[in-house]
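> Please see the structure below; I have some questions.
The values are calculated or read from the model by the stated rules, or taken from the named source; none is laboratory data. Keep in mind that what you see is a predicted model, and the values were worked out from it rather than measured. Counting neighbours? That spans all protein chains shown, and the Cβs are built from the backbone with ideal geometry, glycine included.
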Number of protein chains: 2
Amino acid sequence: MMKPHFKQVAIVGVGLIGGSLGMILRRQKLADSVVGIGRRVENLKTAVEVGAIDRYVSDPREGVEGADFVLLATPVDTYERHLREWADCLQPGAIVSDVGSVKGDLVTRSEALLPPSVRFVGAHPIAGKEKTGVAAGSETLFSGARCILTPTSKTDPEALQTVRVLWELAGSIVLDMDPFLHDKILGAVSHLPHVAAFALMTALADVRDHGLPELDLASHSGGGLRDTTRIAASSPEMWRDIFLWNRDNVVALIETYERHLGELKRLIAVGDAAGIEKQLDKAKHEREQLTPRAPGKS
Amino acid sequence: MMKPHFKQVAIVGVGLIGGSLGMILRRQKLADSVVGIGRRVENLKTAVEVGAIDRYVSDPREGVEGADFVLLATPVDTYERHLREWADCLQPGAIVSDVGSVKGDLVTRSEALLPPSVRFVGAHPIAGKEKTGVAAGSETLFSGARCILTPTSKTDPEALQTVRVLWELAGSIVLDMDPFLHDKILGAVSHLPHVAAFALMTALADVRDHGLPELDLASHSGGGLRDTTRIAASSPEMWRDIFLWNRDNVVALIETYERHLGELKRLIAVGDAAGIEKQLDKAKHEREQLTPRAPGKS
């Protein structure tokens, strides 16, 4: 594969994801210069110190003006504000890409906010996000992780290929997906489990606070509760935005979940042992399919 | 603490839990003889081979007759059948204990099925149960794990103390709890998370099978889904029985969960960003309390 080379990369939002890609761009010499754009100067100074960017600018318009590649790595709800602020400064042919966890409408809106001469490529690198901030950034953050690209009928094939190679150089396993299908699939495998975990955690606090003061969650919880609710400690701001940007899918998925929960409740309430076991067997079978095969095993 | 010493221990149901306690009893010389009782001779032969029992008998009445300590380690739904089969053979003063994951009614029923001269002590060792079977047994299975004893007004204090020391010698952290409170607390920290995970897994399969064939759960799932549903691979038979024996608590807990899920759904559906963030903040705060402090840190 041909290594892409950029004159100037502008990273808007130099956090864990944007900063890690900056480190990769710099280390692999994929850009003459990596410029950071952000609101918090302290953070941008840290980004320079850890090698995520070469320099930063206080005026975003100045940063994107000379860039042939702009990475949007801010919360998805801020895309519109950012694009309206500097889209008219972009040079013709520049590639704008992103790292947002939702696509669908967000891709459509982003395309619409850019001049026709600018090439947008939606991307969603699926990287561990337990830590945040550029100080936790790493050149290996994306190694072996999937990165979903979401081309549309408007996507320039050459720009798509450039972004694909960039993520491959970052170590990702890259796949293409329709942006609306992305939101349905991620809604199922990621957004719904987060809803389930958030609601489970608040429900248990509710049980404790209204009638069961002996319920010391920390001392009584075992591995099951800890695993099931681990993702309930995820960023409230980020997940608020994901739920809102994928609202229709998430609501429909919650409704399916509610049906299954209601059915299991009904079976337990009426004491239908065979019915319960059937649903649990089905769950166990499906869960066992999730376990990845060990490397080298068929 | 005084080490207990038994002439003969009878273990009814020599699986992972019963077998592991058998290994501990034998290794620490807490019994002259450990007798296994079960249906599958092959399993009992394995139990002898791995050192979980000294010998086995085919007639359970013969096995419990000479025992001063009987451990019920079978599925909770079979207690009544077992006790009816051999309770009248027990010698006066014998201690009968168990390892069931539900207590409450099960303890009441077990006490009622035993002769007044026999001393029942309900116990629930909370050990990892990913593996099953005596071949996976280990003398360290209970090390550092909690074991909840559930004395009632009928419990003999000396028998309670004997069972407590036995589990302490097994390495457990032993605590006492009212059997009905046990079921409320375990319902919250264990049974409800299992319901949530089982229902999430079948809901996702439903989404895939009815409208989203592209949803390849194995290839699209990340750590979030895997963690959240890990316990959905638990034994359907065991969990069927737990849900039924703790029916009222589990149904009430599911209803609380449904309320929280429904509220989050409503906030997403109406686009209440502040409301969503508030619920997610609460969940994150509660989840962070679960994480045990690192040793030595305040």
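> Does A:Lys103 meet the test of being touching a Gly at 6+ places or on another chain (Cβ under 6 Å) and closer than 21 Å to A:Pro75 by Cβ?
Details: touching a Gly at 6+ places or on another chain (Cβ under 6 Å): yes; closer than 21 Å to A:Pro75 by Cβ: yes.
The answer is yes for A:Lys103.
> May I ask you to list the residues in the range A:45-87 that are under 17 Å from A:Ala123 (Cα atoms), in contact (Cβ under 8 Å) with a residue 40 or more places away in the chain and either aliphatic (A, V, I, L, M) or in a strand (DSSP E or B) (or both)?
A:Phe69, A:Val70, A:Leu71, A:Leu72, A:Ala73, A:Val76
> Yes or no: the range A:101-109 includes at least one residue that is assigned by TED's automatic domain parsing to the domain that holds A:Leu25 and more than 21 Å from A:Pro151 (Cα to Cα). Walk me through how you get there before you give the answer.
Kept after step one, since they are assigned by TED's automatic domain parsing to the domain that holds A:Leu25, are these residues of the range A:101-109: A:101-109.
From what's left, more than 21 Å from A:Pro151 (Cα to Cα): none.
Checking the range A:101-109: not a single residue is assigned by TED's automatic domain parsing to the domain that holds A:Leu25 and more than 21 Å from A:Pro151 (Cα to Cα).
> Limited to the range B:234-258, what total is found for residues that are closer than 29 Å to B:Gln279 by Cα and assigned to a helix (DSSP H, G or I)? Spell out the reasoning first.
Restricting attention to the range B:234-258, the residues satisfying the condition of being closer than 29 Å to B:Gln279 by Cα are B:243, B:246-258.
Cutting the leftovers down to assigned to a helix (DSSP H, G or I) gives us B:243, B:247-258.
Summing the residues that are closer than 29 Å to B:Gln279 by Cα and assigned to a helix (DSSP H, G or I) in the range B:234-258 gives 13.
> Which of the residues belonging to the range A:128-165 are of a type in the set (A, V, I, L, M, F, W, C) and part of a helix (DSSP H, G or I)?
Keep residues of the range A:128-165 that are of a type in the set (A, V, I, L, M, F, W, C), which gives A:134-136, A:141-142, A:145, A:147-149, A:159-160, A:163, A:165.
Of everything in the range A:128-165, those that are of a type in the set (A, V, I, L, M, F, W, C) and part of a helix (DSSP H, G or I) turn out to be A:Val134, A:Ala135, A:Ala136, A:Ala159, A:Leu160, A:Val163, A:Val165.
> Given the options A:Leu244, A:Leu166, name the one that is at pLDDT 95 or above and at the interface with chain B (Cβ under 9 Å from one of its Cβ atoms).
Working: A:Leu166 fails: at the interface with chain B (Cβ under 9 Å from one of its Cβ atoms).
Sole residue among the options that is at pLDDT 95 or above and at the interface with chain B (Cβ under 9 Å from one of its Cβ atoms): A:Leu244.
> Considering each residue of the range A:1-37, count those that are assigned to a loop (DSSP other than H, G, I, E, B) and out of contact with any Phe, Trp or Tyr (no Cβ under 7 Å at 6 or more places or on another chain), and give that number.
Filtering the range A:1-37 down to residues assigned to a loop (DSSP other than H, G, I, E, B) leaves A:1-5, A:13-15, A:28-30.
If we keep only those that are out of contact with any Phe, Trp or Tyr (no Cβ under 7 Å at 6 or more places or on another chain) too, we end up with A:1-5, A:13-15, A:28-29.
Looking only at that region, the number is 10.
> Let me ask another. Which of the residues that make up the range B:213-236 are surrounded by fewer than 17 Cβ atoms within 10 Å (Cβ to Cβ), over 23 Å from A:Gly224 (Cβ atoms) and within 7 Å of chain A (Cβ to nearest Cβ)?
B:Glu214
> Within the range A:121-133, is there a residue that is out of contact with any strand residue (DSSP E or B) (no Cβ under 6 Å at 6 or more places or on another chain) and over 22 Å from B:Ser221 (Cα atoms)?
Within the range A:121-133, one or more residues are out of contact with any strand residue (DSSP E or B) (no Cβ under 6 Å at 6 or more places or on another chain) and over 22 Å from B:Ser221 (Cα atoms).
> Restricting to the range A:181-212, name every residue that is more than 7 Å from every other protein chain (Cβ to nearest Cβ), without any contact (Cβ under 8 Å) to a residue 12 or more places away in the chain and among the charged types (D, E, K, R).
A:Arg208, A:Asp209
> Being surrounded by 17 or more Cβ atoms within 10 Å (Cβ to Cβ) and assigned to a helix (DSSP H, G or I) is the filter here; which residues of the range B:88-112 pass it? Before the answer, list the steps.
Quick first cut of the range B:88-112, residues surrounded by 17 or more Cβ atoms within 10 Å (Cβ to Cβ) only: B:89-90, B:94-104, B:106-107, B:110-111.
Those that are surrounded by 17 or more Cβ atoms within 10 Å (Cβ to Cβ) and assigned to a helix (DSSP H, G or I): B:Cys89, B:Gly104, B:Leu106, B:Val107, B:Ser110, B:Glu111.
> Still on this structure, please answer the following. So is A:Ala159 closer than 26 Å to A:Gly133 by Cα and surrounded by 16 or more Cβ atoms within 10 Å (Cβ to Cβ) or not?
Details: closer than 26 Å to A:Gly133 by Cα: no; surrounded by 16 or more Cβ atoms within 10 Å (Cβ to Cβ): yes.
No: the conditions fail for A:Ala159.
> Further question: Considering only the range B:166-194, state which residues are among the charged types (D, E, K, R) and not in a strand (DSSP E or B).
The first filter runs over the range B:166-194 and keeps only residues among the charged types (D, E, K, R), leaving B:168, B:176, B:178, B:183-184.
Across the range B:166-194, the qualifying residues are B:Glu168, B:Asp178, B:Asp183, B:Lys184.
> Within the range B:263-276, how many residues are under 35 Å from the mean Cα position of the chain (by Cα) and at the interface with another protein chain (Cβ under 7 Å from one of its Cβ atoms)? Step through it out loud before you land on a result.
Quick first cut of the range B:263-276, residues under 35 Å from the mean Cα position of the chain (by Cα) only: B:263-265.
In the following step, the residues that additionally are at the interface with another protein chain (Cβ under 7 Å from one of its Cβ atoms) were identified as B:264-265.
So the answer is 2.
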